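The values are calculated or read from the model by the stated rules, or taken from the named source; none is laboratory data. Here the structure is a predicted model, which is why all the values come from computation and not from measurement. Every residue, glycine among them, receives a Cβ derived from its backbone with ideal geometry; neighbour counts consider all protein chains shown.
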Amino acid sequence: MKLHSMTILLFYVLIVVSSAMDMSIIGYDDTHTTTTSASSSSWRTNDEVSAMYLSWRVKHGKLYNTLREKAKRFEIFKDNLKYIEQHNSKHHKSYKLGLNKFADMSAQEYRLLFTGAKKINSKRKLINNVKSDHYSVHLGDVMPNFVDWRTKGAVAAVKDQGRCGSCWAFSTIGSVEAINQIVTGDLITLSEQELIVIHLTTMDVMEAIWIMLLNSLSRMVELIQIKIILTRKDGICDKNRKNAKVVSIDGYEDVPVNDELALQKAVANQPITVSIEASSLDFQFYDSGIFSGSCGTDLDHGVVVVGYGTEDGKDYWIVRNSWGVEWGEQGYIRIERNIKEKEGKCGIAMEAFYPTKKGLNPPRPSPSPPTSITPYTGCDQHCSCPLSRTCCCVYHNSRFVWACCPRRRTSSQSKNSMIEMNTLKHVLATRTNTKRDSA
């Protein structure tokens with residue numbers, strides 16, 4: 001009898017353990033903690049998943065520093081794959097999920113690295129909003145059934161914000177590029193980096209930037225430069241163009257809050273910058289279709305609405321993201337439109353604004369005359385570096401050699417700038433047969 005009881009207890013423990021191990025992803029950590037049950041009896045073998053993992057790593061260029069990290073990422077990948085395939089097996093869903101570049105990230109990592117507008121709706125109460133009824137809907141208003149500003153040449157190519165949490169810059173620049181094209185007929189691709197490198201010390205970066213953008217957007221745009229005209233081929237900054245106002249706008253205005261019809265009217269006239277909640281797993285792995293998944297109104301991501309339409313009776317917004325063309329529908333997502341909640345799907349109607357512009361841009365300055373300075377500085381008789389870098393001594397292949405390092409950071413640059421950290425890489429100095437002029 002005792003043996004029988006022990007057998008039953010052991011069997012129960014095995015069932016509990018197997019159930020705990022057979023879970024799909026909501027959260028993940030070093031202990032492989034998960035929270036959603038799923039049956040694995042008819043799912044893929046470990047070898048099948050391993051083959052898919054290898055193929056995915058090759059496609060996305062994924063490399064890991066240690067075997068432990070590789071194994072951990074494989075477990076996350078496997079959980080994510082299971083979640084994705086479970087979703088896609090439900091034929092009533094209006095959208096599909098896919099193994100994109102986030103497939104080896106837990107939900108927590110994704111939220112930390114790729115969302116973060118910091119609940120900007122609460123911050124906007126602290127500043128002077130530019131309220132406008134310009135796009136308020138009135139009786140008799142007629143709006144087109146379909147709008148896509150991409151087909152009208154007003155939307156620049158999809159960009160990739162990387163891991164610098166700078167969705168605010170990409171969403172703001174996107175609507176500025178668009179209104180400039182609509183007014184002038186010239187689509188000029190602007191540089192988000194000019195906004196990202198602004199030095200902020202006492203405030204949270206996201207909070208401060210959103211406040212500055214919403215409080216004085218026209219001034220911010222005056223600081224934006226086109227990267228290609230700032231630097232000549234020799235890597236020297238073109239000082240004659242450094243402070244040029246490439247694109248100017250008149251200001252910004254709000255779209256009426258919590259009104260999808262007003263947002264539709266606005267988008268019919270120009271692309272609109274909006275904030276949404278993008279922290280869900282379904283948003284993370286969105287691949288195609290009209291997104292109708294679960295999401296709230298805790299705004300944490302900035303995007304641009306570039307159009308709208310209807311498919312099979314379901315209305316949708318066309319939204320440009322900033323996670324590269326590998327995510328979603330070539331970098332875009334179609335989000336369900338005209339839902340019963342006044343805030344819109346994922347809060348899309350809560351915080352929408354647009355730049356205003358009527359006149360042409362200031363004339364562009366002509367290039368600076370060619371410099372007589374040799375674009376190299378000599379390290380010694382045998383090595384030299386471009387003037388944009390400085391000679392430095394590094395330990396390489398068991399010996400000290402000359403290398404070209406970034407010049408000393410100026411006081412106006414942030415010590416924590418991810419952009420700057422990416423430039424802190426030296427390259428070996430160029431070997432020369434004759435001594436270059438070090439002037």
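Would you confirm whether any residue within the range 75-94 is outside any loop (DSSP other than H, G, I, E, B), modelled with pLDDT under 95, at negative phi and not assigned by TED's automatic domain parsing to the domain that holds TRP323?
Checked against the condition, which is being outside any loop (DSSP other than H, G, I, E, B), modelled with pLDDT under 95, at negative phi and not assigned by TED's automatic domain parsing to the domain that holds TRP323, the range 75-94 yields no hits at all.
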Residue check, GLU192 surrounded by fewer than 20 Cβ atoms within 10 Å (Cβ to Cβ) and at pLDDT below 85: no
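Yes/no matrix, rows are residues, columns are (1) outside the structural domain of LEU187 (by TED's automatic domain parsing); (2) at pLDDT 95 or above; (3) over 20 Å from the mean Cα position of the chain (by Cα):
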{"residue": "MET212", "(1), (2), (3)": "no, no, no"}
{"residue": "ILE236", "(1), (2), (3)": "no, no, yes"}
{"residue": "ASN240", "(1), (2), (3)": "no, no, yes"}
{"residue": "ASP254", "(1), (2), (3)": "no, no, yes"}
{"residue": "ASP282", "(1), (2), (3)": "no, yes, no"}
I need a count of the residues in the range 305-338 that are surrounded by fewer than 16 Cβ atoms within 10 Å (Cβ to Cβ) and free of Cβ contacts under 8 Å to residues at least 40 places away in the same chain. 3
Among the residues of the range 255-309, the number that are outside any loop (DSSP other than H, G, I, E, B) and farther than 30 Å from LYS357 by Cβ is 10
Within the range 131-143, is even one residue part of a helix (DSSP H, G or I), at pLDDT below 95, loosely packed, with under 14 Cβ neighbours inside 10 Å and basic (Lys, Arg)? no
Quick one: in the range 326-341, which of the residues that are assigned to a strand (DSSP E or B) and β-branched (Val, Ile, Thr) is nearest to the chain's Cα centre (by Cα)? ILE333
Subset of the range 342-357 that is in a loop (DSSP other than H, G, I, E, B) and not aliphatic (A, V, I, L, M) - its residue that is nearest to VAL274 (Cα to Cα): GLU351
